[in-house]
Amino acid sequence: MDQEIQNKLKTFSIIGVFFLIIGGSLLHFTYNWSGFNPIVGLFSSVNESVWEHLKLGFGSLLFFSLFEYWFIKKEVKNYIIAKTAGLLALQLFIVGFFYIYTFFLGKEILLLDILSYIIGCILCQIIVYRLYIQKKLPAAVSILCVFLLIIHVTTLLLFTYYPPRLTIFKDDNSGEYGTKWNHEEEVHTH
């Protein structure tokens, strides 16, 4: 791969960091801004649980990837692999960092949550770039990544409206799980 193409891919990766940070920050609020629209809730955080914050990275990376693809599709051979690896690194970093620091400090700190998201975005785009400039990886790796993405997207969407009663899905501010819609359903069934 020549230097000009590498520079182009590096530029898009750097732009991606800023897009993920800004886009993820906006997605934190769009569900409320939309009047609790269930479609918007599929890509936005619907509460303050750790799980819902994973959608900030997912949604912003998805939107950036749709834009970016049209400019670099001819230069990149590992696109799905790179995006899958970057997304999983971002999300595993956020979850791991959160549970490690809250274990040791015994409480949540907003500044550390924001910092972990920023670091996760940078980590994501470094991994994406490194995989962009690699030789074409085997088709089996791409197939595995598509499979992982399908599972991941399915769980993100499903658990937005039907979250298991596990700590990662619990909004510590309200003590509730899921969306405003979930809580209205629970009231009507009791």
(request) From zero up to wherever the largest Cα-Cα distance of segment 92-147 sits, split into 5 Å bins and tell me the percent of pairs in each. (result) 4, 16, 18, 17, 13, 12, 10, 7, 3
(message) Let's test the formula: R0 of 30 Å, r as the Cβ-Cβ distance of residue 62 and residue 109. What FRET efficiency results, to the nearest 0.05?
(response) 0.60
(request) Indicate the gyration tensor shape class of segment 37-79 (rounded, prolate or oblate), computed on the Cα atoms with a ≥ b ≥ c the square roots of the eigenvalues: a/c under 1.5 is rounded; otherwise a/b larger than b/c is prolate and the rest oblate. (result) prolate
(message) Suppose we flag trypsin sites (Lys or Arg not before Pro) only when DSSP calls them loop and at most 12 other Cβ atoms lie within 10 Å. Which is the longest uninterrupted stretch of the chain?
(response) 1-72
(request) Work out the charge dipole of the chain with +1 on the Cβ of Lys and Arg and -1 on the Cβ of Asp and Glu about the Cα centre, then indicate which of 44, 143, 98 is farthest towards its positive end. (result) 143
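For Cα pairs less than 8 Å apart in space and 6+ apart in sequence, what is the mean separation divided by the residue count of the chain, i.e. the relative contact order in percent? Show your work: numbers first, answer last.
Values: 198 pairs, mean separation 53.2, N = 190.
Over the chain, the number comes to 28 percent.
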(message) Given R₀ = 22 Å, what would the calculated FRET efficiency be for residue 2 paired with residue 71, taking r from the Cβ atoms and rounding to 0.05?
(response) 0.85
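Pick out the long, greasy-scoring helices in the chain: whole DSSP H runs spanning 27 Å or more along their own axis by Cα, mean Kyte-Doolittle at least 1.6.
Qualifying helices, which must be both long enough and hydrophobic enough, are 79-105, 110-132, 139-161.
For n ≥ 4 DSSP H runs only, could you compute -39500 (n - 2.57) per run for the chain, divide by its residues and tell me the 222 nm figure to the nearest 500?
Values: 7 runs with 135 residues, N = 190.
Calculated from helices alone, the mean residue ellipticity at 222 nm is -24500 deg cm²/dmol.
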(request) Kindly state, as a whole number, the per residue volume in cubic angstrom of the convex hull around the alpha carbon atoms of the chain. (result) 125 Å³
(message) Please report the spacing between the Cα centers of segment 113-181 and segment 18-63 in Å, no decimals.
(response) 12 Å
(request) For each pair in 10/55; 8/136; 55/77; 10/136; 77/170, compute the distance between the two Cα atoms and list the pairs where it is over 29 Å. (result) 77/170
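Rule-based calculations on the coordinates, nothing more; no lab input. For clarity, every value in this text was computed on a predicted model and none was experimentally measured. As a convention, Cβ positions derive from the backbone with ideal geometry for all residues, glycine included, and neighbour counts pool all protein chains shown.
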